[in-house]
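To start, the structure under review is shown below, and the notes come after it.
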Amino acid sequence: MHIRSAAQHTAAEIATQPGCWRRAVALAAAPDVVVALPRHGERVAVVGCGTSLFMAQAYARLREDAGHGETDAFAASEFPFGRTYDRVVALTRSGTTTEVIDVVRRLTVPTTAIVGTPGTPVTALADQVVALEFADERSVVQTRFATTALVLLRTHLGESLERAILDAEQALAEPVPADLVQRDQFTFLGGAPWTTGLAAEAALKMREASLSWTESYPAAEYRHGPIAITDEGSLVWVFGPAPEGLDSDVAATGGRWLARDRDPLAELVSVHRLAVEVALLRGLDPDTPRNLSRSVILDGTP
């Protein structure tokens with residue numbers, strides 16, 4: 001296989017994100033979707049695994065900071081069943097992830113599943129289902145389903161996503177800078193509380209697709225130890241506003257600092273593209289990431 005024939009599904013799905021986001025914005029106004037998503041004032045928990053967990057973290061902070069109600073995010077395997085919630089939202093592209101199914105099965109409060117694939121086990125268990133079939137993926141590495149789910153949820157909170165969509169189109173149109181592809185260590189920082197989840201997801205994408213050394217932190221925590229790893233081979237990429245002087249601190253280490261005035265979700269699209277380019281440079285195929293499958297199904301759970 002020629003190296004440039006790799007990543008066919010991943011690259012194609014990355015490129016469709018602005019179109020998927022526009023469809024999610026329209027879908028958020030559908031009456032059945034409005035009813036399925038959390039109501040203003042509800043105490044809500046959001047669960048997911050891997051990429052879905054990081055999207056849950058971003059949404060939870062956005063919802064609570066916007067005054068819509070107390071919102072927590074948990075890895076499905078760590079859900080605290082002793083707590084009381086008005087609604088639990090499960091994010092799962094495949095609808096087959098064992099830990100997510102277990103949470104939804106055990107709950108007695110209203111549940112909503114946001115999935116890429118309808119007719120899957122979690123959809124039979126949840127009280128409400130929002131299916132994003134148009135954003136489902138063949139790839140193992142999640143890109144468009146996760147970002148589209150977050151666009152849906154942000155729109156439901158009352159945000160306008162038009163700038164994010166335009167920023168994503170720009171991110172797809174421009175070349176990936178060669179000096180970023182050549183880096184051997186990547187640190188992603190959440191410059192705003194809600195973008196810490198996006199930074200974690202950016203790091204995960206680089207690990208999954210390109211087996212890169214990646215880390216992520218809240219931006220203000222970066223000085224408290226993690227900066228020790230930064231050197232001339234590092235890229236430090238911040239999502240959202242950075243603490244004052246942090247760019248100078250990174251420059252003093254010799255690392256490459258990157259901060260842009262774009263919607264942070266569009267910056268994640270740029271990371272998707274970078275992950276593919278780094279993988280191809282290293283002779284890897286992002287369509288077949290090492291040790292990974294599209295869904296984690298344990299103990300024979302369907």
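Read the figures in this text as sums done on the coordinates, not as results from a lab. As the structure is a computational prediction, the values presented were derived from the model and not from experiment. Don't worry about glycine lacking a Cβ; one is built from the backbone with ideal geometry, like all the others, and counts go over all protein chains shown.
Assorted remarks:
- Note on the chain: GNM, Cα springs under 10 Å; of Ala202, Ala24, Ala178, the largest mean-square fluctuation is that of Ala178.
- The stretch 86-139: trypsin sites (Lys or Arg not before Pro) in DSSP loop, at most 15 other beta carbons within 10 Å: Arg138
- Shape category assigned to the stretch 210-272 from the gyration tensor of Cα positions, a/c cut at 1.5: oblate
- Long-range amide H partners of Val130 with built H, under 5 Å: Ala113, Ile114, Val115
- For the chain, built as a Gaussian network whose Cα springs stay under 10 Å, the top-fluctuating residue of Thr84, Thr51, Thr111: Thr84
- HN-Hα J in Hz across the stretch 222-238 - Karplus 6.51, -1.76, 1.60, θ = phi - 60°, x for Gly and Pro: 4, 5, 8, x, x, 4, 4, 7, 7, 8, 5, x, 9, 10, 10, 10, 9
- Shape call, the stretch 190-238: gyration tensor on alpha carbons, a/c limit 1.5: oblate
- Between the Cα long axis of helix 195-210 and the first principal axis of the chain there is an angle of about 70°, rounded to the nearest 10.
- Taking GluC sites (Glu not before Pro) as exposed when their DSSP state is a loop state and no more than 12 other Cβ atoms lie within 10 Å, the longest site-free interval of the chain runs over 1-231.
- Computed from the C-alpha gyration tensor, the three semi-axes of the ellipsoid equivalent to the stretch 49-147 are 20, 16, 12 Å, from longest to shortest.
- Rounded to the nearest 20 debye, dipole of the chain from Cβ charges on Lys, Arg, Asp, Glu: 540 debye
- Among the listed options (i) 98, 65, 36; (ii) 58, 41, 36; (iii) 53, 47, 37, the one matching Cα extents along the principal axes in Å as calculated from these coordinates is (iii).
- Trypsin sites (Lys or Arg not before Pro) lying in DSSP loop within the stretch 1-74, provided at most 14 other Cβ fall within 10 Å: Arg39
- For the chain, built as a Gaussian network whose Cα springs stay under 10 Å, the top-fluctuating residue of Leu280, Leu204, Leu152: Leu280
- Cβ-based charge dipole, the chain, positive-most Cα from Ala12, Thr123, Phe239: Thr123
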